[in-house]
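Following: one structure in structure tokens, then a few remarks.
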Amino acid sequence: MKPGEHPRARTGTRPSRSPGRLAWRRLRADRTALITGGIMVALIAVALAAPLIEMLYGIGPSEQFQAELDDFGMPIGPAGGVSGQHWLGLEPGLGRDIFIRLVYGLRTSLVVAFAAAVVTTAVGVLVGLLTGFLGRWTDGVIGAVIDFALAMPFLIVALTVVPTLTQRFYGPRDAVPASFQVFSLVLVFAVFGWAIAARLVRGQVLSIRSREFVDAARVSGAGLGHILGREIAPNLIAPILVSFSLALPAYIAAEAGLSFLGIGILEPTPDFGRMIDRSLGYLQTDPAYVLFPGLLLFVMVLAFNMFGDALRDALDPRAEAGPR
Amino acid sequence: MTEPLLSVRDLVKHFPVKGGTVRAVDGVSFEVAAGHSVGIVGESGCGKTTIARMLVRLTDASAGCIVFEGRDITQLGRRRWRSVRPRIQIVFQDPSGSLNPRQTVGRIVAMPMRVNGIRPPGGRQARVRDLLAMVGLNPDHDERYPHEFSGGQRQRIGIARALAGDPRLIVADEPVSALDVSVQAQIINLLRSLQRDLGVSFVLISHDLAVVRQLCHRVAVMHRGVFVEAGDRAQIFGDPHHPYTRRLLAAVPGGGPPRTRTQEQGS
């Protein structure tokens, strides 16, 4: 008899180590995950508390401080007017406070990224489950649609669809509300992003479906609901979580990119992409202006990405060792 | 002999492939009496597993019939089949692949009762504990997950699940070939005691003659989709007629376990 074959000798009062609890423990032991997770939580907290921060800071995102600009519209003081009152200085030209605009920019960025990630993941999971399980011609048809969606050039479609959509609802001189800008961005991301999630889930479903525990359920007479809900879905949580957490930084970067190109979030809504775009005109005269939004965007995308990687390692420790 | 528990007649399974068909199972017949066990041996790829899958209807037969408790289950409609289903169960080869890693052992074992709406007296949880004890596991471990058990213990969990629906027949597809030799013997002993105590019949599918010999009353030797020889255990092991059977017996390393040697010397 092998040692451990009969654990009857020992008592079974130890709490069970569910796969989820094991992953949680691995995540907590991972320093990268702790640091990047901490940064993520801090950024999200700042975004959520933006109005509170505004109250304490005493300056709003649209307030202009023309008096603190010189005759050429440049902020007076070191590093673009950094002072006790304006922690990260002022924007050249309009004289708005950079710190509070970054706080609200964080909000814009995270709202778009989370909304896009939630929508694409939800649609992708639904489609992936259906195609992976129904199989046959459903799989063929939706597979072709997925390939089609993945083949479309994202940037070109985004550059044409977003302005057209905006024109359809608002005249050329109307002010487009920020909510509509967010909506059209999320829509564009969803149209392209769902296919990636769907393909991932479909692959997972196909591989899990052929596992013998699904056969065992079928032999016992389990229906489609039991097999999908109780046998397959719990095994999908890990890959879905990972794809969600890696989609977030991608959408943060993509949102900033589209806004930088002028088709995402528009002035006066605070936004990283807009700020970086405006700052390019002052690269020589006020380099600090590009530094703050650029640095924050960089740190945010890096932290979210590294956390996603750490999460994947925690959920699937075998993936770390490379292909077996 | 009274009517057999299971009677398989002219079972055929052809898989269409490019440029023709693969005749995985090509006209196979056998019977299993209640409380008795039949072993099907053969090399890998000979169609053994396809038979196992057809017996539990994971694969539909191309032709032939499978009569279980007097009813042809290849023809049963969905609703009728549901009532038969828990009484024919399967134990798989891979003890880790056949257990859902995200479910506790208690839920895995209770699954057949759950999907069939079986409510045993005393409740499902009590029944799960009984089943775990029956297969030699600690009943207190029903809250644990499959990865916390060894290979042999996982196979015991798979057997407990198969027993949950009170089966009359268990199809065991290579139940021990993924296990260490020392653990193999324990699992075979467990199957044997279940057969003795519960009167469960087994269709044991294996490439390992030694395994089949320990459990089965009758043995069928399969080669390329057909039975080349079938008979009582004593006849197959003591007096094989077909040359393929002889080759198979000769291939057992070292002439097989000691008992084989004495019998061969005797014959």
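Provide the three semi-axes, in whole Å and in decreasing order, of the ellipsoid equivalent to the stretch A:143-255 as defined by the square roots of 5 times the Cα gyration tensor eigenvalues.
That gives 39, 14, 13 Å for the three semi-axes.
For chain B, build the convex hull from the C-alpha positions and give me its volume per residue in Å³.
146
Over the stretch A:45-130, one equal point on each Cα, no solvent: what is log10 I(q)/I(0) by the Debye formula at q = 0.16, 0.17 Å⁻¹?
With one equal scatterer per Cα and no solvent, log10 I(q)/I(0) is -0.67, -0.71.
So how much slack lies between A:L56 and A:D70, counting 0.36 nm per residue of separation and subtracting their Cα-Cα distance, in nm? Could the numbers behind the result be given before it?
On the way: separation 14, 0.36 × 14 = 5.04 nm, distance 2.73 nm.
Gain on extension, A:L56 to A:D70, equals 2.3 nm.
Run the numbers for B:D140 and B:A63: contour at 0.36 nm per residue of separation, minus the present Cα-Cα distance, in nm. Working shown, then result.
Values: separation 77, 0.36 × 77 = 27.72 nm, distance 4.62 nm.
Contour length minus the Cα-Cα distance gives 23.1 nm.
Which number do you get for Rg(Cα) / (2.2 N^0.38 Å) in the stretch A:88-192?
Values: Rg = 18.7 Å, N = 105, 2.2 N^0.38 = 12.9 Å.
The stretch A:88-192 yields a ratio of 1.45.
As a footprinting exposure proxy, order B:H217, A:H86 by other Cβ within 10 Å, with the fewest listed first.
Going from sparsest to densest Cβ surroundings: B:H217, A:H86.
Report the Cα centroid-to-centroid distance between the stretch B:54-97 and the stretch B:185-249 in angstrom, as an integer.
Centre-to-centre (Cα) distance: 21 Å.
Through the Karplus equation 6.51 cos²θ - 1.76 cosθ + 1.60, θ set to phi - 60°, convert the phi angles of the stretch A:34-45 into ³J(HN,Hα) values in whole Hz; use x for Gly and Pro.
5, 5, 5, x, x, 4, 4, 4, 4, 4, 5, 5
In the calculated pair distance distribution of the protein assembly as shown, what percentage of Cα-Cα distances lie above 38 Å?
Of all Cα-Cα pairs in the protein assembly as shown, 50 percent lie more than 38 Å apart.
Using square roots of five times the C-alpha gyration tensor eigenvalues, list the equivalent-ellipsoid semi-axes of chain A in whole Å, biggest first.
Ellipsoid semi-axes (Å, largest first): 46, 27, 15.
Rounded to the nearest 0.05, what FRET efficiency is calculated for A:D316 and A:L155 with R0 set to 22 Å and r the Cβ-Cβ distance? Don't jump to the answer; show the numbers that get you there.
On the way: r = 32 Å, r/R0 = 1.47.
With a Förster radius of 22 Å, E is 0.10.
Would you calculate a helix-derived [θ] at 222 nm for chain A, using -39,500 (n - 2.57) for each DSSP H run of n ≥ 4 and dividing by the full residue count, to the nearest 500?
Result for chain A, helices only: -22500 deg cm²/dmol.
List A:L206, A:L248 from most exposed to least, where exposure is judged by having the fewest other Cβ atoms within 10 Å.
Listed from fewest to most nearby Cβ atoms, that is A:L206, A:L248.
Roughly how big is chain A's charge dipole about its Cα centre, with Cβ charges of +1 (Lys, Arg) and -1 (Asp, Glu), in debye to the nearest 20? Walk me through the numbers before you get to the answer.
Numbers: 27 positive and 24 negative charges, 440 e Å.
The dipole magnitude comes to about 2120 debye.
How do A:T120, A:T138, B:T245, A:T164 rank when sorted from fewest to most other Cβ atoms within 10 Å of their own Cβ?
Fewest-to-most ranking of A:T120, A:T138, B:T245, A:T164: A:T164, A:T138, B:T245, A:T120.
Please report Rg (one decimal) and Dmax (integer) in Å for the Cα set of the stretch A:221-324.
Looking at the stretch A:221-324, its Cα Rg and Dmax stand at 20.3, 74 Å.
Once label points are set 7 Å from the Cα along Cα→Cβ at both A:A79 and A:L283, what is their separation, rounded to one decimal in nm?
Simple spin-label model gives 2.2 nm for this pair.
Taking the Cα centre of chain B as origin and charging only Cβ (+1 Lys, Arg; -1 Asp, Glu), how large is the dipole, in debye to the nearest 20?
Its charge dipole is roughly 820 debye.
Bear in mind these aren't lab numbers, they're just calculated from the coordinates by the rules spelled out. As the structure is a computational prediction, the values presented were derived from the model and not from experiment. Positions of Cβ are backbone-derived with ideal geometry, glycine not excepted, and every protein chain shown enters the neighbour counts.
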